[in-house]
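A short write-up of the structure that comes next.
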Amino acid sequence: MTTSSEVFAPVKWEGDALLLLDQTRLPVETIVLTIETAEEVWAAIRHLQVRGAPAIGMAAAYGLYLGIRQLEAADAGAFRELLHQRADYLATARPTAVNLFWALDRVKARIDQEGEKPVDVLKAAVLDEALAIQREDAEVCRTIGENLLTLLNDGMGILTHCNPGALATAAYGTATAPFYLAKERGWNLKVYADETRPVLQGARLTAYELQQAGIDVTLICDNMAAMVMAQGKVQAVIVGTDRVAANGDVANKIGTYGVAVLAKAHGIPFYVAAPLSSIDLETATGAEIPIEERPAEEITHGLGKQVAPDGIQVYNPAFDVTPAAYITAIVTETGIFKPEEIGKAKP
Ligand SMILES: CSC[C@H]1O[C@H](OP(=O)(O)O)[C@H](O)[C@@H]1O
């Protein structure tokens with residue numbers, strides 16, 4: 001792994017290497033990692049150097065190629081066996097964002113479709129599918145933004161949580177997509193970005209990318225969301241998701257459920273931006289979504305400064321589940337859906 005300083009999208013295949021923007025260093029430093037192995041991809045996902053459901057899926061698909069490109073296999077059957085082993089390894093990087101598993105399954109399905117072709121042709125097909133996943137994600141996000149814009153008006157205040165942004169996708173973001181499209185149209189949306197403790201994706205990433213884009217963004221602490229809503233500054237909430245269950249329950253960054261309860265209490269619509277790649281109809285309800293628990297140090301040593309006593313007990317779930325009852329609509333690239341009807345989103 002080598003590093004350099006260059007500003008660009010979170011994930012990029014260049015030449016014969018995977019480049020990852022190290023998001024743990026933002027917003028102060030722009031460091032690009034040159035990734036050459038599946039193990040490095042696994043570590044980058046686990047340690048949030050690349051994060052955000054769609055970006056995790058893209059990185060994992062490239063990681064699968066990095067993991068098999070130098071393997072020797074006697075035939076297509078032996079190659080598929082090795083491919084599945086590498087995919088199973090990458091699938092252990094993080095448990096909640098279904099995009100990780102969706103992307104790995106999509107690559108495996110492509111190789112099944114290729115049948116008994118020469119191994120070098122199958123290797124090229126793995127990379128081709130990873131490139132397609134990233135290429136398609138940009139268009140998906142733009143379409144989600146177009147669909148969300150039909151729910152918004154010029155001049156609205158909108159609160160978002162965590163980073164469902166360009167830094168979590170191939171472009172535009174999911175929940176942030178309408179902010180970029182609105183700017184293109186000359187609208188003036190006012191965005192309130194929750195800092196999103198403990199890892200501060202809102203402060204470090206959403207505030208950064210929207211400010212860089214010249215979008216009106218105001219950073220608030222998570223505990224200020226209620227006051228901002230009570231003061232009438234917010235007319236809609238839009239968040240991203242890591243996994244939508246078949247009944248419309250939504251897993252997203254910890255704190256999202258509380259924002260949804262606040263929005264309901266203030267009569268503010270709560271929208272979830274969800275690419276089809278984040279919808280998991282195999283999981284019946286939010287209760288079955290695996291919630292990642294992360295290291296205590298993210299709380300006790302926030303960004304490297306000790307802020308809690310040695311040995312204190314810590315509970316650090318990285319996600320929570322917002323019940324469908326608190327969600328006004330789930331917006332995908334295929335349309336706008338009541339949460340309980342999310343099964344209709346997939347063609
Ligand atoms: C485009 S949705 C991104 C989604 O992922 C974030 O989690 P993490 O930063 O831990 O990967 C958060 O839940 C966002 O809503």
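The values are calculated or read from the model by the stated rules, or taken from the named source; none is laboratory data. Just so it is clear, the structure is predicted and the values come from calculations on it, not from any experiment. Cβ atoms come from the backbone with ideal geometry, glycine included; neighbour counts cover every protein chain shown. Calculation scope for accessible area: heavy atoms of the full protein, side chains included, ligands and nucleic acids excluded. Shrake-Rupley method; radii C 1.70, N 1.55, O 1.52, S 1.80 Å.
Applying the condition of being touching a residue at least 40 places away in the same chain (Cβ under 8 Å) and touching a Cys at 6+ places or on another chain (Cβ under 6 Å) to region 184-201 and asking which residue is farthest from the ligand (Cβ to nearest atom) yields Thr196. Tell me, yes or no, whether region 295-312 has at least one residue that is in contact with a strand residue (DSSP E or B) (Cβ under 7 Å, 6 or more places away or on another chain), touching a residue at least 24 places away in the same chain (Cβ under 8 Å) and either of a type outside the set (A, V, I, L, M, F, W, C) or not assigned by TED's automatic domain parsing to the domain that holds Ala103 (or both). The answer is no; no qualifying residue exists. Of all residues in region 240-258, at least one satisfies being open to solvent by less than 10 Å² (accessible area, probe 1.4 Å), of a type outside the set (Lys, Arg) and assigned to a helix (DSSP H, G or I). Once region 72-109 is narrowed to residues that are more than 30 Å from Asn252 (Cα to Cα) and open to solvent by less than 60 Å² (accessible area, probe 1.4 Å), the residue that is modelled with the lowest pLDDT is Ala73.
Quick grid of which residues meet (1) outside any loop (DSSP other than H, G, I, E, B); (2) in contact with a Ser or Thr (Cβ under 8 Å, 6 or more places away or on another chain); (3) within 16 Å of the ligand (Cβ to nearest atom):
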{"site": "Ile45", "(1), (2), (3)": "yes, no, yes"}
{"site": "Ala55", "(1), (2), (3)": "yes, yes, yes"}
{"site": "Tyr62", "(1), (2), (3)": "yes, no, no"}
{"site": "Gly67", "(1), (2), (3)": "yes, yes, no"}
{"site": "Ala73", "(1), (2), (3)": "no, no, no"}
{"site": "Phe79", "(1), (2), (3)": "yes, no, no"}
{"site": "Gln85", "(1), (2), (3)": "yes, no, no"}
{"site": "Thr96", "(1), (2), (3)": "no, no, yes"}
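Checking Glu292, Glu282, Glu298 one by one, the residue that is under 20 Å from the mean Cα position of the chain (by Cα) and surrounded by fewer than 15 Cβ atoms within 10 Å (Cβ to Cβ) is Glu282 and no other.
Among the residues that make up region 41-62, is at least one of them within 24 Å of Tyr172 (Cβ to Cβ), touching a residue at least 40 places away in the same chain (Cβ under 8 Å) and open to solvent by 30 Å² or more (accessible area, probe 1.4 Å)? No: zero hits.
Taken over region 310-338, the criterion of being away from the ligand (no atom under 16 Å from the Cβ) and under 23 Å from Ala177 (Cβ atoms) is satisfied by Ala324, Thr328, Ala329, Thr334, Gly335, Ile336, Phe337, Lys338.
Just one of the listed residues (Asp154, Asp120) is charged (D, E, K, R), in a helix (DSSP H, G or I) and either out of contact with any strand residue (DSSP E or B) (no Cβ under 6 Å at 6 or more places or on another chain) or over 30 Å from Ile220 (Cβ atoms) (or both), namely Asp120. Within region 172-183, the residues that satisfy the criterion of being within 16 Å of the ligand (Cβ to nearest atom) and either open to solvent by 30 Å² or more (accessible area, probe 1.4 Å) or acidic (Asp, Glu) (or both) are Tyr172, Tyr180.
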